[in-house]
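Okay, structure first, notes after.
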Amino acid sequence: MEVNVTEKKENKLLSRLEVKGSLTFQGPTPACKDVQADVGKALKKDAELVVVRHVYTNFGSSGAKFEALVYDSKEALKNVEAPIKVKKVAAEAAA
C-alpha cells in the first residue's frame, strides 16, 4: 500500500495534526489498522498516535482517500478522543 499525504493542518489547541491524503492498494480495501500503520510510517510517527477517521473508496478502483489525526502524545490522544474510541483502538491493537 502506498500513502500520499496531500494536506496537513496543525491544530495546536488539541495537540494534533489533521491529515488528508490518498492511498493506492492491491486487492480489498485495507483495514483501518493497516492504514494507521502506514500513515504513521509516512509521517515518521508512532502508529499508536494515529487515529483514522474515514477511508473513502470508489467502487472498482484500487485507490481511496483518507482522513486521519496524528496526536503529539498519548495523553493528548486520551484527553481528546472519546473513551469508547480509545478502547476500540486498544482492542484492535491487542488482536
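A P(r) calculated from all alpha carbon pairs of the range 2-94, with 5 Å bins opening at zero, reads 3, 14, 25, 25, 18, 10, 4, 1 percent.
Axis angle, to the nearest 10 degrees, between helix 83-94 and the longest C-alpha principal axis of the chain: 60 degrees.
Modelled spin-label separation between residue 48 and residue 90, with each label point placed 7 Å from Cα along the Cα-to-Cβ direction: 1.1 nm. For the range 32-51, the residues whose backbone nitrogen is under 17 Å from a point 7 Å from the Cα of residue 4, taken along Cα to Cβ, are 39, 42-43.
For the range 6-95, chymotrypsin sites (Phe, Trp or Tyr not before Pro) meeting the loop criterion (DSSP other than H, G, I, E, B) and having at most 11 other Cβ atoms within 10 Å: 59.
Where a number appears in this text, it was derived from the coordinates with a stated rule and is not lab data. In this text the structure is predicted, and so the values were computed from the model without any measurement. Methodologically, a virtual Cβ is constructed for each residue, glycine included, from the backbone with ideal geometry; neighbour enumeration extends over all protein chains shown.
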